[in-house]
Amino acid sequence: MDRKTWLKKASTLKLTESLHLCRADAPEWERYVHVYYHQATIAFRCREKENFLSGGDEPFWLVKDQTVVGGLALSPWAFRYFFTVPPFEGGAEVIRLIAQTLRRQGGNGLPIQAMEVPDGDADNYIRAGFRPDPCRFRWMRRPTAVFEGEHPEMIWRRAETACDSGETRLKLEREAGLFLFKHAQGGESGERGAVSFPETLLRLREFAAQSPEAVLEASGAAYDRATHALIGVCLIGYSEGCPVIEALAVRPGFRGKGVATNMLRRALTALAHRGEPMLRARIAHGHPLESLCHRLGFMPGPLFWPAMTFDR
């Protein structure tokens, strides 16, 4: 039986004689997560009533001797939002038991991942046998606002889409794609691993197909006024009901000259005019975008590890 099948059918998973994972009612599970999960993370969610469960996630209780002592969300190859109810403490041993039990399901022994682990909980996962990703991330956010003033050396062209053979694409798809492929620093916000040019184009097509008019109006390309060369790209996406910085890149010779600052100010202004209350960014700790957003008044959220892997 593959993992997707067993997860849909599973009602109880035995960890020990007294400790089990039991399928939960989603609305009740959500109420517990809002109280018992990492509170700094809860406070930083995009919408106050935003659901924690996404496609493919299933809610489970952690039950000890028929009493709910915690919970988590399971997907076929991962879990997230692990919380405990005081006075029960779910340390490294409980996390290891969960990982080992999930890994046995399906019979293929594939790795299990813990997703978006709060930085303060990382030691327990490492002691349980998980390997962390190379870097930590955080969400940053600020209210939208109207900014005045233009960059004297910059011409702005807002993002526009067109239908090509039944597919919605950016009019600047190839130009912007090549620019991001060459000049995005360690990924647009510090994502690990190199992204190929075809992958970059695919992301741009997904962006064009999924983005509402409000974020397209906040996105665009910057050109040097003297040479008309492309010097910057800013794409604002839409995720979890909120605008988010999808890509931001500046040509190396123009960095430190206010191009990125001006593009983000334009984005914040366009979003404010559209009635969007907030702009967010998911950024690798130490990436240049983190410093830029701080200077523009973005509030930093708690650090987290995007994924930790258990393959023992």
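The values are calculated or read from the model by the stated rules, or taken from the named source; none is laboratory data. Bear in mind that the values here come from a model prediction, so they are computed numbers and not experimental data. All Cβ positions, even for glycine, are placed from backbone atoms using ideal geometry, and neighbour counts span all protein chains on display. Heavy atoms of the whole protein, side chains included, go into the accessibility calculation; ligands, DNA and RNA do not. Shrake-Rupley method; radii C 1.70, N 1.55, O 1.52, S 1.80 Å.
A compact table of results
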read-out: Which numbered condition C163 misses (of (1) over 18 Å from A281 (Cβ atoms); (2) crowded, with 19+ Cβ neighbours inside 10 Å; (3) among the hydrophobic types (A, V, I, L, M, F, W, C)); value: (2)
read-out: Filtered residues of the range 135-157 (kept if closer than 30 Å to F44 by Cβ and either at pLDDT 95 or above or buried (at least 17 other Cβ atoms within 10 Å of the Cβ) (or both)); value: R136, F137, R138, W139, M140, R141, R142, P143, T144, A145, V146, F147
read-out: In the range 254-271, the residues that are open to solvent by 30 Å² or more (accessible area, probe 1.4 Å) and in a helix (DSSP H, G or I); value: F254, T261, R265, R266
read-out: Index of the failed condition, Q66 passing every other in (1) modelled with pLDDT of 85 or more; (2) surrounded by 17 or more Cβ atoms within 10 Å (Cβ to Cβ); value: (2)
read-out: The listed residue being part of a loop (DSSP other than H, G, I, E, B) and either open to solvent by less than 30 Å² (accessible area, probe 1.4 Å) or closer than 21 Å to G90 by Cβ (or both), out of T41, T16; value: T16
read-out: Residue pairs meeting the criteria (Cβ under 7 Å; at least 6 apart or on separate chains; first at negative phi and of a type in the set (G, A, S), in the range 290-312; second assigned to a loop (DSSP other than H, G, I, E, B) and modelled with pLDDT under 95); value: G301/F44; A307/D133
read-out: Count of residues meeting criterion [among the small types (G, A, S), assigned to a strand (DSSP E or B) and out of contact with any helix residue (DSSP H, G or I) (no Cβ under 7 Å at 6 or more places or on another chain)] in the range 272-312; value: 2
read-out: Residue match in the range 184-194 (condition: open to solvent by less than 20 Å² (accessible area, probe 1.4 Å), touching a helix residue (DSSP H, G or I) at 6+ places or on another chain (Cβ under 8 Å), touching a residue at least 40 places away in the same chain (Cβ under 8 Å) and not in a loop (DSSP other than H, G, I, E, B)); value: no
read-out: Tally of residues being assigned to a helix (DSSP H, G or I) and open to solvent by less than 30 Å² (accessible area, probe 1.4 Å) across the range 207-253; value: 6
